[in-house]
Amino acid sequence: MTLPATRRTVLLATGGAAAVLATGCGEYGNGDDSSSQQSPKASAGQELAKTTDIPVGGGKIFAAEKVVVTQPTKGDFKAFSAVCTHQGCTVGSVADGIIHCPCHKSEFRIADGSVAGGPAPSPLPAEQITVEGSSIKLT
């Protein structure tokens, strides 16, 4: 025998479904902004890469440090947060002058981190680096 659904039963059932959906969204690269803020950043002075590791017109993502380093033109190195400003996913690739986020297809320009497409509301924040000889370090 089936009892009619009460308001409490409906609210409990839909609340549980919402919790499952919210948890499922996190699998696309830290949809929870708080976890991206708590992740350890690379320490100042730490070498990220050699200049030869960063292609001209491209870049390289350092996921553990949550930094992406780019080289828009020969000898001009830039660094940005690797955390997408849309929902906190880590960007996934750099190609053809664009930093790509795999979660919702946001795109950012390698020269200044500005939004080139997708749902991202703001540019990737700049990170501070120094280039000493052939070494790229966080500052």
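The values are calculated or read from the model by the stated rules, or taken from the named source; none is laboratory data. Keep in mind it's a predicted model, so treat the numbers as computed, not measured. Positions of Cβ are backbone-derived with ideal geometry, glycine not excepted, and every protein chain shown enters the neighbour counts. The area values use the complete protein model at the heavy-atom level, side chains included, leaving out ligands, DNA and RNA. Shrake-Rupley method; radii C 1.70, N 1.55, O 1.52, S 1.80 Å.
Scanning segment 59-68 for residues that are in contact (Cβ under 8 Å) with a residue 40 or more places away in the chain and touching a Leu at 6+ places or on another chain (Cβ under 8 Å), we see that the one that is surrounded by the fewest Cβ atoms within 10 Å (Cβ to Cβ) is GLU65. Reported count of residues in segment 82-128, each being of a type in the set (A, V, I, L, M) and in contact with a helix residue (DSSP H, G or I) (Cβ under 8 Å, 6 or more places away or on another chain), is 1.
Taking GLN71, is it surrounded by 16 or more Cβ atoms within 10 Å (Cβ to Cβ) and not in a strand (DSSP E or B)? Answer is no for this residue. The combined condition, being acidic (Asp, Glu), out of contact with any Cys (no Cβ under 6 Å at 6 or more places or on another chain), modelled with pLDDT under 70 and open to solvent by 70 Å² or more (accessible area, probe 1.4 Å), is fulfilled by ASP32. Search segment 115-124 for residues being in a loop (DSSP other than H, G, I, E, B) and within 23 Å of VAL56 (Cβ to Cβ), and hand back the single one that is most open to solvent (accessible area, probe 1.4 Å). Per the stated criteria, the residue is PRO123. Mind checking which residues of segment 102-114 are open to solvent by 30 Å² or more (accessible area, probe 1.4 Å) and touching a strand residue (DSSP E or B) at 6+ places or on another chain (Cβ under 6 Å)? The answer is GLU107, ARG109, ALA111. The set of residues from segment 74-94 being open to solvent by less than 40 Å² (accessible area, probe 1.4 Å) and not in a loop (DSSP other than H, G, I, E, B) comprises PHE77, ALA79, PHE80, SER81, VAL83, THR90, VAL94.
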